[in-house]
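Accompanying notes for the structure given below.
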Amino acid sequence: MTSSNDKLKETTVSTEHIFTGKVISLQVDTVQLPDGTEGTREIVKHPGAVAVLAVHEGRLLLVDQYRQALGRCELEIPAGKLEHGEDPMEAARRELEEETGYRCSRLSLLHSFYTSPGFADELIHLYLAEDLKAGNASPDEDEFLEIIEATFAETQQYIAEGRISDAKTILAAYIWQQKMAGDHANKGA
């Protein structure tokens, strides 16, 4: 995931560490710009995360959770941060089961993407979980959520209403739509 356009490259001159928290850290980098002048870049460092597109009996598994940064609840696909050194696929299995209680027999990587590359290095690995089996959810002790199973039409309505507004869940919904269209096309062939 690197660019070959070296004429746009910025070189780090110095880094000032501002804050280190439980999940993120913040630093300010002084950089030399392509024209030789200097600038500053505020950067949020994040350990990375996983998210899971899981459809059970034609319904997308979502969790409804209060998000302090938004000041409201948000419907999202199951997701969570990577622990230090954790394999993303294993993290996806863990998050799916912790948040929804479901286990899957097949898990495949759909795509990895950066959430906000202008100021953060958070990389989310989006997985497709298949062959789901219900179980008991066991969220983290500071995690309060409700499990929602939504049809595709309901998911689209939640997006239109703004109940789903985070990028990973909207991306998952569109991948689900493409997958359904592909499955439909394959049945007709």
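See the values below:
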| item | result |
| --- | --- |
| Conditions (1) over 20 Å from I164 (Cβ atoms); (2) surrounded by 14 or more Cβ atoms within 10 Å (Cβ to Cβ); (3) of a type outside the set (S, T, N, Q): number failed by G39 | (2) |
| Qualifying strands (runs of 3 or more DSSP E) (wholly inside the stretch 86-189; at least 1 residues being hydroxyl-bearing (S, T, Y) and open to solvent by 60 Å² or more (accessible area, probe 1.4 Å)) | 103-114 |
| Selection from the stretch 11-36 of residues that are at pLDDT 95 or above, within 19 Å of A120 (Cβ to Cβ) and open to solvent by 70 Å² or more (accessible area, probe 1.4 Å) | T12, E16, H17, I18, F19, T20 |
| Close pairs from the stretch 33-50: first under 30 Å from A92 (Cα atoms) and aliphatic (A, V, I, L, M), partner open to solvent by 80 Å² or more (accessible area, probe 1.4 Å) and assigned to a loop (DSSP other than H, G, I, E, B), Cβ under 7 Å, at least 6 apart | I43/F119; V44/F119 |
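For (1) out of contact with any Leu (no Cβ under 8 Å at 6 or more places or on another chain); (2) of a type in the set (K, R); (3) without any contact (Cβ under 8 Å) to a residue 40 or more places away in the chain, each residue gets a yes or a no:
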site: H125; (1), (2), (3): no, no, no
site: D131; (1), (2), (3): yes, no, yes
site: N136; (1), (2), (3): yes, no, yes
site: E143; (1), (2), (3): yes, no, no
site: Y158; (1), (2), (3): no, no, no
site: R163; (1), (2), (3): no, yes, no
site: K168; (1), (2), (3): no, yes, no
site: K187; (1), (2), (3): yes, yes, yes
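Yes or no, residue by residue, for (1) at pLDDT 95 or above; (2) of a type in the set (G, A, S); (3) in contact with a helix residue (DSSP H, G or I) (Cβ under 9 Å, 6 or more places away or on another chain):
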site: C73; (1), (2), (3): yes, no, no
site: A92; (1), (2), (3): yes, yes, no
site: L96; (1), (2), (3): yes, no, no
site: T100; (1), (2), (3): yes, no, no
site: R106; (1), (2), (3): yes, no, no
site: F113; (1), (2), (3): yes, no, yes
site: P117; (1), (2), (3): yes, no, no
site: Y127; (1), (2), (3): yes, no, yes
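The values are calculated or read from the model by the stated rules, or taken from the named source; none is laboratory data. The model shown is predicted, which means the values in this text are computed figures rather than measured ones. Note that each Cβ is placed from the backbone with ideal geometry, even for glycine, and that neighbours are counted across all protein chains shown. All accessible areas refer to the heavy atoms of the entire protein, side chains included, with ligands and DNA or RNA removed. Shrake-Rupley method; radii C 1.70, N 1.55, O 1.52, S 1.80 Å.
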